[in-house]
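Enquirer: Once you've had a glance at the structure underneath, I'll fire off some questions.
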Amino acid sequence: MYNSKSKIATEFIDHQEILATLEYAKQNKNNLPLIETILEKAATLKGLTYKEAIVLLECDSEEIMQKIFHLAETIKKKFYGNRIVLFAPLYLSNYCVNGCRYCPYHAKNKTIPRKQLTQEEIVKEVIALQDMGHKRLALETGEDPENCPLEYVLKSIKTIYSIKHKNGAIRRVNVNIAATTVENYRKLKEAGIGTYILFQETYHKETYEYLHPTGPKHNYAYHTEAMDRAMEGGIDDVGIGVLFGLNLYKYDFVGLLMHAQHLEDTNGVGPHTISVPRIRPADDVDVKDYSNAIPDEIFKKIVAILRIAVPYTGIIVSTRESEKTRADVIRYGVSQVSGGSKTSVGGYADSKEEHTEQFEVSDNRSLDDIVGWLLEQGYIPSFCTACYREGRTGDRFMRLVKTGQIANVCQANALMTLKEYAEDYASEHTAELAHKRIEEEIHNIPNPKVKEIVIENLHSLDDGKRDFRF
Ligand code: SF4
Ligand code: SF4
């Protein structure tokens, strides 16, 4: 029986309720009066229920789709302006005891070399990332209690935060590691992580169990209830996501929004971010598992509807996606992108390290290319990490977002961090574009006092001072 407030996975992600919802959407396919009502509600920025959102996803009227894209773009502009936050993944270890059928790190893959970075190697990786200009990382590891225990992850976080190289610093470390205990989540919180990210992969229990035949990840309930344990352990910014292409996308789309609803109803705050990875080719992965892969048009539609269904939640897209797709989804909803990414263990310091790659990257451009490209398209690339450092997390963060007050600080922080990037890391061409954009955008800081301080800080950045934030 569906119960969004239950702590039991199969009750807050209820299979029968998802099937009934999909049936409801089918029966209301292209039901224009209903769709108009849903769009009117979405326009008030209150978000949508999973039942409303799936009616939009089911619709295939071109005219309605254009309306959805237009609304998504408007909502995106309202909450995120033209700012795009940048980050990079950092792979620490590819040891893994699980048997995920879609991932080359699965335990039975004997062709991939296993590697775990030493603390000295982490220093090298982080210096390479800092030299690119990154300030925000997402740590990635496989699951292996013996070869990659939590103590190793905690030690690595400490190392990463301690590295100060030239003007560089990693100011926010998000963590994407396997589902764990409340006690371990508490330790991660104490280590100063930003967001805890864990993808559900698929919400369809039977498919989930097929795709994860061995290892601790096989346990659907333990995995699905992980975010509740993370929140119990004090982590109030969590990031969810599904790997589109593993199961029928409409089922997972409903599951994703049900999960968001559950977190909001039980913990008072929904997910901080939603990631939308799509499956990519990789070493020793059976191609027949791609049979549910979704085409670009549907992918774009999913992102746009997520944007209007959960307007306060950041949407993340990685370099799995091509330049063209990233341009589309940034326009309709995505607020964070990775740039210059390596998906291998040790790939930043050693550019030839490709053997340990988790998946093929589609967007191979350097961070400087991506920053320049975003600027050319009218965006403000942002290296902001301020909220977590200022204690604006969980419901405190959501309150500021919902009242629109966050825009003041986001715009200011975006411009100051872009200026840092332009001074310290950008190519001549990108720096020129950045300075121009900063000049144009200062006037869009709504609060006059904040604007005055930003102008002062931008001058101080010219004088060599760093790390200003609101
Ligand atoms: Fe291991 Fe994660 Fe890959 Fe599964 S997806 S094999 S848990 S690294
Ligand atoms: Fe994100 Fe907060 Fe920075 Fe805005 S001010 S970009 S919400 S970290």
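The values are calculated or read from the model by the stated rules, or taken from the named source; none is laboratory data. In this text, all values refer to a predicted model and were calculated from it rather than measured experimentally. Cβ: placed from backbone, ideal geometry, glycine included. Neighbour counts: every protein chain shown.
Enquirer: Output the number of the condition that residue 467 fails; it satisfies all remaining conditions of (1) within 27 Å of residue 90 (Cβ to Cβ); (2) more than 16 Å from ligand 2 (Cβ to nearest atom); (3) assigned to a loop (DSSP other than H, G, I, E, B); (4) in contact (Cβ under 8 Å) with a residue 40 or more places away in the chain.
Expert: In the conditions (1) within 27 Å of residue 90 (Cβ to Cβ); (2) more than 16 Å from ligand 2 (Cβ to nearest atom); (3) assigned to a loop (DSSP other than H, G, I, E, B); (4) in contact (Cβ under 8 Å) with a residue 40 or more places away in the chain, residue 467 misses (2) alone.
Enquirer: Looking at segment 24-40, I want the residues that are among the charged types (D, E, K, R) and have a partner that is loosely packed, with under 15 Cβ neighbours inside 10 Å with Cβ atoms under 8 Å, at least 6 apart or on another chain. Which pairs are those?
Expert: 29/60
Enquirer: When the residues of segment 347-384 are filtered to those that are away from ligand 1 (no atom under 16 Å from the Cβ) and among the polar types (S, T, N, Q), which remaining residue is surrounded by the most Cβ atoms within 10 Å (Cβ to Cβ)?
Expert: Among those that are away from ligand 1 (no atom under 16 Å from the Cβ) and among the polar types (S, T, N, Q), it is 382.
Enquirer: Quick check on my filter: what residues within segment 157-185 are within 22 Å of the chain's Cα centre (by Cα) and assigned to a strand (DSSP E or B)?
Expert: The answer is 172, 173, 174, 175, 176.
Enquirer: Which one of these does residue 45 not meet: (1) surrounded by 13 or more Cβ atoms within 10 Å (Cβ to Cβ); (2) in a loop (DSSP other than H, G, I, E, B); (3) at pLDDT 95 or above?
Expert: It fails just one condition, (3).
Enquirer: To continue, here is another question. Which of the residues belonging to segment 73-93 are farther than 17 Å from residue 197 by Cβ and either more than 16 Å from ligand 2 (Cβ to nearest atom) or not in a loop (DSSP other than H, G, I, E, B) (or both)?
Expert: Scanning segment 73-93 gives 73, 74, 75, 76, 77, 78, 79, 80, 83, 84.
Enquirer: Continuing with the same structure: Would you be able to say whether some residue in segment 113-122 is of a type in the set (A, V, I, L, M, F, W, C) and in the same structural domain as residue 162 (by TED's automatic domain parsing)?
Expert: Scanning segment 113-122, I find at least one residue that is of a type in the set (A, V, I, L, M, F, W, C) and in the same structural domain as residue 162 (by TED's automatic domain parsing), so the answer is yes.
Enquirer: Inspect segment 122-139 for any residue being surrounded by fewer than 16 Cβ atoms within 10 Å (Cβ to Cβ) and either modelled with pLDDT under 95 or within 16 Å of ligand 2 (Cβ to nearest atom) (or both) and give the result as yes or no.
Expert: no
Enquirer: While we're on this one: With respect to residue 399, is the statement that it is within 11 Å of ligand 2 (Cβ to nearest atom) and either assigned by TED's automatic domain parsing to the domain that holds residue 136 or out of contact with any Cys (no Cβ under 7 Å at 6 or more places or on another chain) (or both) true?
Expert: It is false that residue 399 is within 11 Å of ligand 2 (Cβ to nearest atom) and either assigned by TED's automatic domain parsing to the domain that holds residue 136 or out of contact with any Cys (no Cβ under 7 Å at 6 or more places or on another chain) (or both).
Enquirer: Mind listing just one residue for me: the one in segment 385-408 that is more than 17 Å from residue 77 (Cβ to Cβ) and aliphatic (A, V, I, L, M) and, of those, farthest from ligand 1 (Cβ to nearest atom)?
Expert: Looking at residues that are more than 17 Å from residue 77 (Cβ to Cβ) and aliphatic (A, V, I, L, M), I get 400.
Enquirer: Now a separate question. Among the helices (runs of 4 or more DSSP H) confined wholly to segment 296-390, which include 1 or more residues that are more than 30 Å from residue 42 (Cβ to Cβ), among the β-branched types (Val, Ile, Thr) and touching a Ser or Thr at 6+ places or on another chain (Cβ under 9 Å)?
Expert: Hits in segment 296-390: 367-376.
Enquirer: Here is a follow-up. From the list 385, 393, 325, 417, which one is more than 16 Å from ligand 2 (Cβ to nearest atom), among the polar types (S, T, N, Q) and touching a residue at least 24 places away in the same chain (Cβ under 8 Å)?
Expert: 325
Enquirer: Oh, and also: Out of the residues in segment 168-190 that are aliphatic (A, V, I, L, M) and within 16 Å of ligand 1 (Cβ to nearest atom), state the one that is surrounded by the fewest Cβ atoms within 10 Å (Cβ to Cβ).
Expert: Residue satisfying both the conditions and the ranking: 179.
Enquirer: Here's a follow-up. Going through segment 192-213 one residue at a time, which ones are without any contact (Cβ under 8 Å) to a residue 60 or more places away in the chain, closer than 26 Å to residue 88 by Cβ and not polar (S, T, N, Q)?
Expert: 192, 193, 196, 198
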